[in-house]
Amino acid sequence: MGYTKLPRQKLSITKKDKKWREECVEAFINLSNSGAGYSQKKDDLNILYDYYNGVIDEGDYNYVLKPYGKSRKNFPSEMRNYPIIKPIIDLLLGEKSKRPLNYTVTVQNSDSIAIKEESKKELIFKNLQQHFLQAVQRQGQDVGVDPEQEIELPQHIAEMFEETYVDQRAILGQKAMNYIMQEQEVYDKIQKAWFHYLVSGEVYTHRGVRNAEPFYEVLNPLDVDYDLDPDLEFVEDGDWALVRKYVHASTVVDAYYESLSEQQVLELEDPQHSENDVSFLYANSTGKDANAFRNRLIEVTNVYWKSRKRIGFLTYLDPETGMVEEQEVADGFRLPMEMKEQGARLTWKWVNEVWEGTRIDGRFYININPIANQRLSLDNPSKCKLPINGRRYSNTNAKNISLVKLGIPYQLNYNIYKYRLELAIARSKDIIAQFDINMIPKKWDMDKFMYYVEGTGIAWVDYNKEGIQLNPQHQSVLDMSIKTIGQYISLLESILVEWEKISGVSRQRQGEIGAYEGKASSQQAILQSSHITEDLFRKFERMEQRDFQALLEYSKEAWLTGKKSMYVMPDGTQDFLDIDSMQHMESNYGIFVSDAGKDQEKLQNIKGLTQAMVQGGAKMGDIAQMLDSESFTEIKKNLKKADRVQEQLEQAQSEAEQQMQQQQMQAAQMQQEAENLEREKDRQKDIEIALIGAESKKDTEGHTLNLEKMVRDFEIKERELEIRQKELDEKSRGSQATENLTRELNEVKREDSKNRKEIADKNANKRG
């Protein structure tokens, strides 16, 4: 059937009747079927999958097997497949499974920056408040805080905030994405998608909402066709896409029982399509029964395209707030006269809208409507996405290519040279000595003669036998060895080397290290090899990011009433998902998928420093946590945290050393003051002795010394010493050295009191 012109899309919803809808579906199907596009693609892709699986078409080798138009029957070799493509694909599959898949959910709402700054201010204020309460507590006023508790400085708080802050809505989105990844088995499905991408150079996925849950499925590239715009990178941004499958009637009824009539279900027992439509699905099936089985399959085609719809923008003055408001209204809305009189205005615009429709068995059209879950941009109501996504490795001004397709010429030549090598080995008879049959001794048969030739290397000859006239030294030698065997082996080796260069997967990367190859050179070879294949990974990971973004957006529609569920993380830990539907719906999420290649390289480099970290005194718990990490970002956060802890320990140690030095200086000072005090006491004793001596004699002029004045001076001096003692006691409180000094000073004090009493007694006796 030729291409049917697409009906006009800029129509009001009321004019998009049943006929219009069916013609739209038919137009895109016919567009896909027109020419040799779809059928040729199907054939080309099947060849690629055959080559990966080791299935060869002998027709590709006719120029070798039938050089003159005739087949070589009963030759001592046959054409086989010796896989050189599959090991490369399998290695890249394994590498993909080990590459870290790090995705981060962000929030792009306009208020996110303001919320972040407010949160930082609040945290710094609480920190300053804690510092103030500790200062109050140290002054002796009980405010209920520990004055010795370590509290970060405000500048450190600000730095840590910038490193660790995450919007609460982003945390919610991250948990939602984690739940979807586990429930939909996204990790396993991505591995399947990667396989299709390597083999066919194409990868397609289907995202949406099913049974109030977001779903994710990988599509077979043979089933998908879409708008091949040379500037189109991702299918979801295209104008249309379709998925064509061949399934059993039971599968059709399971999927569409609500939309099929009883008569349609009955008619599906006798499918109308031809056998050729699905022959490629059962290419290896033969016989009458196989054909009958193929004829029971039903074609189901799901079509997705962008149509147009009219939306209105109602601008009016809110009587309660007095503010001008704008509201979107659907096609068919009529502006009430009352609002029109109040100055309300209604303007109309045409925007894109994604439609879907299904054709079953080429005759039944069902479920042709706008899709229920439109992915629209908050900034542009016309920017919408198809539920089908995917990409080709190359879609710009060239035919698409895959890694398998690149390897087909090398696989063909490798198989041919292997065939030639096997044929040469079969023809090779080594070096043969020619003997006259009459040289065989009497009563010996040929088997016995050859037994001794091969076993001993000696040919026994009966020269007495009749007919022997040959000189054994002149027996002729026939060289039947094939000199080209070594050449074939060399050619096979060169094919492998060239294929490894083209694929980007070197032997070192495959684990084959030469006997004389150093560690540095092998690592360099592996690094260069990874650079070649990195473009494959990068393009695929960009599509991963698109799919994750779609799944998170579809979850908003799926969880309109909220979502609560327990789920298991990849590391085995459990987490709880509690979605507030309103907050989830209003969050403008963004998904960032980091460069897995760079992350893996950084991860390995950091993990390679474990030995140095052990020697540097790092804690084993921190090292174990680092080795268990699958994210460079996670390791970086842990290392920064460890650095902060180390800085705090070093600071505390420095403060302790300074405090010890101060205590030592104070002790030395107190020791010096005690010694000074001791000397002062000695001087006072000398004065007291002088006073006692002066009481018993007169000076040369006949005047008695004024003992009362000297006693008063002594008492004043003693009070000064007591004050100094108190000051010294205050300084030395809590110190052992100070306690000893205090005891010494008390002893001096007691001695002073004793001396003063003795002076007083003596003075009293003198007066008496």
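Quick note: the coordinates plus some simple rules give every number you see, no bench work behind them. In this text the structure is predicted, and so the values were computed from the model without any measurement. No Cβ is skipped: glycine too gets one built from the backbone with ideal geometry, and neighbour counts run over all protein chains shown.
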Relative packing of peptides 410-417, 211-218, 115-122 - highest average C-beta neighbours within 10 Å first: 410-417, 211-218, 115-122
Taking segment 11-113, which chymotrypsin sites (Phe, Trp or Tyr not before Pro) meet the DSSP loop condition and have no more than 15 other C-beta atoms within 10 Å? Tyr68
Could you rank the peptides 181-190, 317-326, 259-268 by their average count of other C-beta atoms within 10 Å per residue, with the highest value first? 181-190, 259-268, 317-326
For segment 486-509 and segment 344-415, compute the distance between their C-alpha centroids and round to whole Å. 39
Under the Karplus relation 6.51 cos²θ - 1.76 cosθ + 1.60, θ = phi - 60°, what is the ordered set of whole-Hz ³J(HN,Hα) values for segment 338-347, x standing for Gly and Pro? 4, 5, 5, 5, 7, x, 5, 10, 10, 10
Provide the net charge surrounding Leu260, with neighbours chosen by a C-beta distance below 13 Å and charges set as Lys +1, Arg +1, Asp -1, Glu -1. -4
Take peptides 104-114, 535-545 and line them up by average Cβ neighbours within 10 Å, highest first, as a rough protection proxy. 535-545, 104-114
Are there chymotrypsin sites (Phe, Trp or Tyr not before Pro) in segment 332-400 that DSSP puts in a loop and that have at most 15 other Cβ atoms within 10 Å, and which ones? Phe333
Total charge of the residues flanking Asn302 in space, meaning their Cβ is under 9 Å from its Cβ, with Lys and Arg +1 and Asp and Glu -1, is +2
Taking Lys and Arg as +1 and Asp and Glu as -1, residues besides Pro409 with C-beta under 11 Å from its C-beta add up to -1
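Please report the relative contact order for segment 351-421, taking Cα pairs under 8 Å with a sequence separation of at least 6, and give it as a percent rounded to a whole number. Kindly include the intermediate steps, with their values, before the conclusion.
On the way: 54 pairs, mean separation 15.1, N = 71.
Relative contact order here is 21 percent.
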